[in-house]
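Colleague: Pasting a structure here, questions to come.
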Amino acid sequence: MKIISHKLISDLHISPAECYRWVSEMILNKNSVLLPPKIGMKPAEGVFCNVMPSIITYPDGKKAGGVKIVTRYPRRVPTLDSKLLLQDVQTGEFLALMDANWITSMRTGAVAAHSILLFAKQNFRTVGLIGLGNTVRATLLTLLSVRPELRLDIKLLRYKGQEKSFEERFSSFENITFSECDTAEELVRGSDVVVSGATYLPNDLCGDECFDEGILIVPIHTLGFTNCDLFFDKIFADDVGHVRNFKNFDKFKKFAEVTDVVNGRAAGRENSKERILAYNIGVSMHDVNFAARIYPLLKDVAPEADLAEPSEKNYI
């Protein structure tokens, strides 16, 4: 069994556009995946451990399986950490133990970008971003890579100076402008799209009156917007099994899985006034798919002694 580090994966320089293609294929073919709901454990305030298995059957009949474990510890750098065990489903052989931090950030960002392009109103321009770590960096990077013609006004929620390093990261993009907000209310009002990558929010961020007609909310970690469950026109999620136990699930006005929209089995956005929320819970089919595609690229690389996880907070 190979040990594959963060650096080995990062050094492959897989493009955001390729990541977008990988998640788009999985969303389209989701019904061919064995995808039990993740097991979530919270041993302490602000700490979580999620165990996420899945088995993929590809259109050509090949299979891939694995399990990812992602943890959050507030005092650790980086706060989030992920590992993935990849298996050959046909033989039962364990192929690799992989650092999954790059995979987690890029697949999550690509899925969020997919939701933006699928559900945002036509000609959206103003995008509010909350929680400016690797996942939100990956979201914007993927969006700009897939749709380079977009011109966007980006609103950033100030938090511990993250906004400055975020602006520096994207300083080479001439088609975006930045402004900074002191409150969530200021950021949400007037935004066409709001993406939140905050990993811990004890309460909802703002009142119902802050959400303009036509807004799309993408709360990557499902936090901060539960009030929207009760009055938004449509709610979408990447997997119903992962949201069925949400406290407001039975109160959603309209609900469908994203795969059903992509496959024409459910309607997506139907007009520019609908308020839409996309709960991309983060399902392991994307992690396992990324790992299965990355493994052959590193199959002949000498095995490493340890996983050598990221040594810095922002690596996207």
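Colleague: How many residues are out of contact with any strand residue (DSSP E or B) (no Cβ under 6 Å at 6 or more places or on another chain), of a type in the set (A, V, I, L, M, F, W, C) and within 24 Å of residue 315 (Cβ to Cβ) if we restrict to the stretch 135-165?
Modeller: 6
Colleague: Just to be sure, is residue 267 surrounded by fewer than 20 Cβ atoms within 10 Å (Cβ to Cβ), assigned to a loop (DSSP other than H, G, I, E, B) and either free of Cβ contacts under 8 Å to residues at least 40 places away in the same chain or within 17 Å of the chain's Cα centre (by Cα) (or both)?
Modeller: It is true that residue 267 is surrounded by fewer than 20 Cβ atoms within 10 Å (Cβ to Cβ), assigned to a loop (DSSP other than H, G, I, E, B) and either free of Cβ contacts under 8 Å to residues at least 40 places away in the same chain or within 17 Å of the chain's Cα centre (by Cα) (or both).
Colleague: Turning to a different aspect of this structure: Which residues, taken from the stretch 191-245, are of a type in the set (Gly, Ala, Ser), crowded, with 18+ Cβ neighbours inside 10 Å and not in a strand (DSSP E or B)?
Modeller: 191, 197, 198, 214, 224
Colleague: From (1) within 17 Å of residue 227 (Cα to Cα); (2) not in a loop (DSSP other than H, G, I, E, B), pick out the condition that doesn't hold for residue 256.
Modeller: (1) is the only condition that residue 256 fails.
Colleague: Right, another one. Assess whether residue 47 counts as being surrounded by fewer than 17 Cβ atoms within 10 Å (Cβ to Cβ) and among the hydrophobic types (A, V, I, L, M, F, W, C). Let's see the steps before the verdict.
Modeller: Working: surrounded by fewer than 17 Cβ atoms within 10 Å (Cβ to Cβ): yes; among the hydrophobic types (A, V, I, L, M, F, W, C): yes.
Against the criterion (surrounded by fewer than 17 Cβ atoms within 10 Å (Cβ to Cβ) and among the hydrophobic types (A, V, I, L, M, F, W, C)), residue 47 qualifies.
Colleague: Taking the stated definitions as given, is residue 71 part of a strand (DSSP E or B), of a type in the set (S, T, N, Q) and over 20 Å from residue 35 (Cβ atoms)?
Modeller: So residue 71 passes the test.
Colleague: Please pick out the residue among 43, 37 that is at negative phi, assigned to a strand (DSSP E or B) and not polar (S, T, N, Q).
Modeller: 43
Colleague: Select from the stretch 59-88 the residues that are under 22 Å from residue 29 (Cα atoms), at pLDDT below 95 and of a type outside the set (D, E, K, R) and list them in ascending order.
Modeller: If the condition is that a residue be under 22 Å from residue 29 (Cα atoms), at pLDDT below 95 and of a type outside the set (D, E, K, R), then 59, 61 are the ones that fit.
The values are calculated or read from the model by the stated rules, or taken from the named source; none is laboratory data. No experiment lies behind these values; they were computed from the predicted model shown. Don't worry about glycine lacking a Cβ; one is built from the backbone with ideal geometry, like all the others, and counts go over all protein chains shown.
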